[in-house]
1. Looking at (1) surrounded by 14 or more Cβ atoms within 10 Å (Cβ to Cβ); (2) in contact with a Ser or Thr (Cβ under 7 Å, 6 or more places away or on another chain), which is the one condition that is false for PRO639?
2. Just the residues that are of a type in the set (D, E, K, R) and touching a Leu at 6+ places or on another chain (Cβ under 9 Å), please, taken from the range 150-170.
3. Using the structure shown, decide if GLU624 is in contact (Cβ under 8 Å) with a residue 12 or more places away in the chain, out of contact with any strand residue (DSSP E or B) (no Cβ under 8 Å at 6 or more places or on another chain) and assigned by TED's automatic domain parsing to the domain that holds GLU578.
4. For the range 307-369, list the helices (runs of 4 or more DSSP H) that sit wholly inside it and hold at least 1 residues that are in contact with a helix residue (DSSP H, G or I) (Cβ under 6 Å, 6 or more places away or on another chain) and surrounded by 22 or more Cβ atoms within 10 Å (Cβ to Cβ); which are they?
5. Does THR152 fit the bill of being surrounded by fewer than 17 Cβ atoms within 10 Å (Cβ to Cβ), in contact (Cβ under 8 Å) with a residue 24 or more places away in the chain and polar (S, T, N, Q)?
6. Can you work out which of the residues in the range 722-768 that are part of a loop (DSSP other than H, G, I, E, B) and acidic (Asp, Glu) is surrounded by the fewest Cβ atoms within 10 Å (Cβ to Cβ)?
7. Report the residue count in the range 657-691 for those that are over 34 Å from the mean Cα position of the chain (by Cα) and either surrounded by 14 or more Cβ atoms within 10 Å (Cβ to Cβ) or not in a strand (DSSP E or B) (or both).
8. For the range 573-615, enumerate the residues that are of a type in the set (Ser, Thr, Tyr) and without any contact (Cβ under 8 Å) to a residue 12 or more places away in the chain.
Amino acid sequence: MPSLSIVLRSYQVGVKFHILDTWQTHKALMVQMPTGTGKTQLLASVIYDHLKEERGKCVWIVAHRRELVEQIEETVARHGISKEDERVKVMSIQWLSRHWENVDDERPSLIVIDETHHALAETYKELWLRYPEAKKLGMTATPCRLNGKGFTDLFDTLITSDSIADFIRQGWLSTFDYVSIRSDSNDQRLIDGLSKRGADGDYQVKEMDAVLNRRPSIERLYESVRQYADGKKGIVYAISISHAWNIAKYYKEHGMNAVAIDSKTPAKERKRLVKDFRQGRIQVLVNVDVFSEGFDCPDVEFIQLARPTLSLAKYLQQVGRGLRKTDGKDCCVMIDNVGLYRLFGLPTVDRDWQAMFEGRLAGKGYANMARTAYCQTARAEKTEITTPQHDDEMETIVTHDKLVDFLNAVDNPYVGITRQDKLKAFKDRASGLYGLKRGEKITVMPQYTEVLGTDGGLAVVSLNGKQVCLVDEQGGITARLVRCSKVKFMKDRILSMTGGNGHETYMDLYNGKLYTSKPKMLDFRKVQLLEVDGFIYSRTKTQYRAKAIRGNRNLFDYGFYLRICDYFSVPRCRQVEEDDARWGYDSTCILAGDYETYYHYCGMLPDGSIVVEDTTGKYFLVDECNGKRYIACENPNAPDEDFNTVIPRLKAEASMRASMRSEKEKLEKEEKRQERLAGMQQAEPFRAGRKWGLKLGGRIVVPPIYRNILAPVGNYCAVECNPCQWGIIMLDGKVVVEANYSKVEIHDDGTARLTVFPGKEKVVELGT
C-alpha cells in the first residue's frame, strides 16, 4: 500500500485515538466534529490505517444522496485515497439498497456513514444486518434530528470534539460578524406568521415560498448584502428553486454576479458553475440545500440565510460553510434575514450533543418561544415614538473583532455559552449516595440521598432525605428550597418545583425569587423580564416590580439596556437635562448582563451613552462597548464625585466623541459612494416611453423620469426636466444643479458651464 502523508492537527490526533480505542469495545460509533475542522482528512487517515491493518479487506463510504458521492470521492482523493483504489468504494444508500446483488462478494471490514444525521434506521438497518462484523463509523457535524429520535438504534456511542467556540478561540475556524433581522422587522413578522409544517416537521416549503418569495423581501435581501458584504464572495440559502432564481435574477440586475443552482441543475453545468465560483468568476451562489453539506470553499466571505428553518442541523450546516479559514480571509459575515439566531443562538452556542444522540433532546427550534413582543423604538433625539424604518430592519449581534471576548464570557445566559462537559449526577454503589461530576472530573463526593436534577452549573439535591437544596457544582448551597417531589430546569433559567400536593412553584435562578404562577418570558435582545399575574418583574437581585401595561407600550429595547417608562410619575433621580426633570416622566433601566439591581434613568449623552442611578444613590455612566462606570454619588465627599460637576464634563466629552464618530461615518459613507460612482461611469442613457434614464448593463441606476438625458461625463450627467430647462445630476440620481438653464456643458475637470440665456453664462465647480 502506498504511503500516505497526512499531517493531522493535534485535535484530529486526539479524536483518532479516541476512535481506535472505542473500537476495542464498540463496533458502531458516531463522531461529531464541526464543519470545517477536517472530518474528511481525519477519515482518510483512519481508512488508511485500517486498510494497512486489515489487508485484503475493503472500506465502504455511504452517503445519503447520490449528489454527494462525487464530492466525497474528490475530497478523499485530495487526501491520498484515489477512487481507482478498489479497496475503497463510495456509494449512495439509495444505489446500495437497489443493488445488494452487485456487492454480494464484497465483505467490507469498515463502513463509513457520511453526514450521519441523515441516517434513517429503516434504510441503514439492512447494512447492519448484512455486515454485523464490520466496524461502523458515522461522521457528522450535527448529531441531531428534528423529530427528536436519537441514533442509539444504529450506533453504540458518540465521540465529540471541541465546540465551534473552542475552535475559533484556538484559531482553527474563522471569526465572524453576525447580523440579524430585528424582532420587530417586516420579515420577522411574516416568519412568525408561518403556521404550516411539512412531513419532516420543518416549515412547509409551499407556505414559506408564498410568504417570502416576493419582491419586497428579495429587495431587503439585496440591501442586506450591499450593506454588510458589498463586493464579498458568498453563498445564499433559498427556500425553493423559484426563490433561488428570483434572488439571483434581482442580484444580477443590480450589479452582482450571481447564479442559482439547485437539484435540477445538470451535473456538468453545476460543476462548471462551482468551478467558476471557486476561482472567483462568480461572486454569489444562490442554492436550495445543495451546498449545505459536503461543499468545501474556504474563501467564502459571507453566508446569507434566506430560508426559515426549525432544523438545528440545517442551520449549523449552512453557517458552517463560512467558518473555514484561508489566507487573506479576515472573517465571514453571517447575514441572517430569517431570524434563525432567535431560534438557535449564535453558531458558537454549546450544544448537548449527547442528549440529542440519545434522543432526549430534539435538534429543533421552537418558533413560538422565539417570538418577542413588538417594541417600537424611540429615537435618541426625539421624544415621540416612531416605528422602525427600512434602515432599521437589521441589527448587529456581534462583530469579529469582539467575538473572542464575547466567547470568553462564560456562563453569560444571553450568548448561551457554557462549559462543554455538563454537570451530572453519579451514584456510589458502595454507599448508595450521589455525587456530582463534570465529564470524568468529580466535583462533589457522594453525599446526597438524591439528585433531583442538574442544569448548567447547578443541581437540586436532597440532604438526608429531608432538606432540598440548590447547590453549585462544588456543593455550595445557593438556596434552601421547599419540600418537593419533582424538579425541572426550564428554559431561560427557571426552576419548576412540584410539591407533595402537586402544586408547582417557580424560582428565578438569577435572583432566587419565587412565584406561585408560571412566569411568562418577555424576551428582548439582551434583557429578559418576567410577567406573572399581571405584573412585570426584573430578574435582578434588587427587584423591580410594576403593573403590566397591555401591549408592553412602555417597554423600549435599546440593546444594551431596556427602558421602562412610567408616564404618570416624575423622575425620581437627577436628570442630565433639567428639562427632562421639569417635563419628563420616570424611567427605570435594566442593564444587559447586570443581575444585581435595577437603575433609574437620568438621561442620554450625545454619543448614545446613558447616565443611571442605582437604589443607593450612586451614579454610573453606561455605554454599549465599555459597560458600566461609577461617576458620582449623592452626598459626595469630593468635588469630582458631585453630579453637577461631573455631568457637564461628560456631556462635553460625549459631544466630542459623537462629532468624531459622525465625521468618520460621513467620510466612510462618502468613500463608499465615490467607489460606487466610479463603477457607474459606463452607464448609458435609455428611453422608456417618453422619458429617459440611465442604465448600467441590465441594471437601472437612474429611473426614466427626465425629458432628456446625456451621456455621463465622469460622475455627472446633464438632464432636461422641461423644454430648454437643463440641470446636472450625479450618477446615483442626486441633483447638484437645478434644471434652470437653457444649456449646460460638463467638463472633465469637475466644472460646468451654465447658460442662463444666450450671452449670459457662468462657470461653476460641481460639488457632491
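The values are calculated or read from the model by the stated rules, or taken from the named source; none is laboratory data. Owing to the predicted nature of the structure, the values given are computational and were not obtained by experimental measurement. Neighbour counts run over all protein chains shown; Cβ positions are idealised from the backbone, glycine included.
1. (1)
2. The first filter runs over the range 150-170 and keeps only residues of a type in the set (D, E, K, R), leaving 153, 156, 162, 166, 169.
Passing the criteria: ASP156, ASP166, ARG169.
3. Working: in contact (Cβ under 8 Å) with a residue 12 or more places away in the chain: yes; out of contact with any strand residue (DSSP E or B) (no Cβ under 8 Å at 6 or more places or on another chain): yes; assigned by TED's automatic domain parsing to the domain that holds GLU578: yes.
The answer is yes for GLU624.
4. Details: elements: 312-320, 340-344, 353-358.
Here the list reads 312-320, 340-344.
5. Answer is yes for this residue.
6. Looking at the filtered set, the residue picked out is ASP748.
7. We begin by selecting, within the range 657-691, every residue over 34 Å from the mean Cα position of the chain (by Cα); these are 681-691.
Restricting the remaining residues to those that are either surrounded by 14 or more Cβ atoms within 10 Å (Cβ to Cβ) or not in a strand (DSSP E or B) (or both) gives 681-683, 685-686, 689-691.
Summing the residues that are over 34 Å from the mean Cα position of the chain (by Cα) and either surrounded by 14 or more Cβ atoms within 10 Å (Cβ to Cβ) or not in a strand (DSSP E or B) (or both) in the range 657-691 gives 8.
8. As a first pass, look at the range 573-615 and keep what is of a type in the set (Ser, Thr, Tyr): 585, 587-588, 595, 597-599, 601, 609, 615.
Within the range 573-615, no residue meets the criteria.
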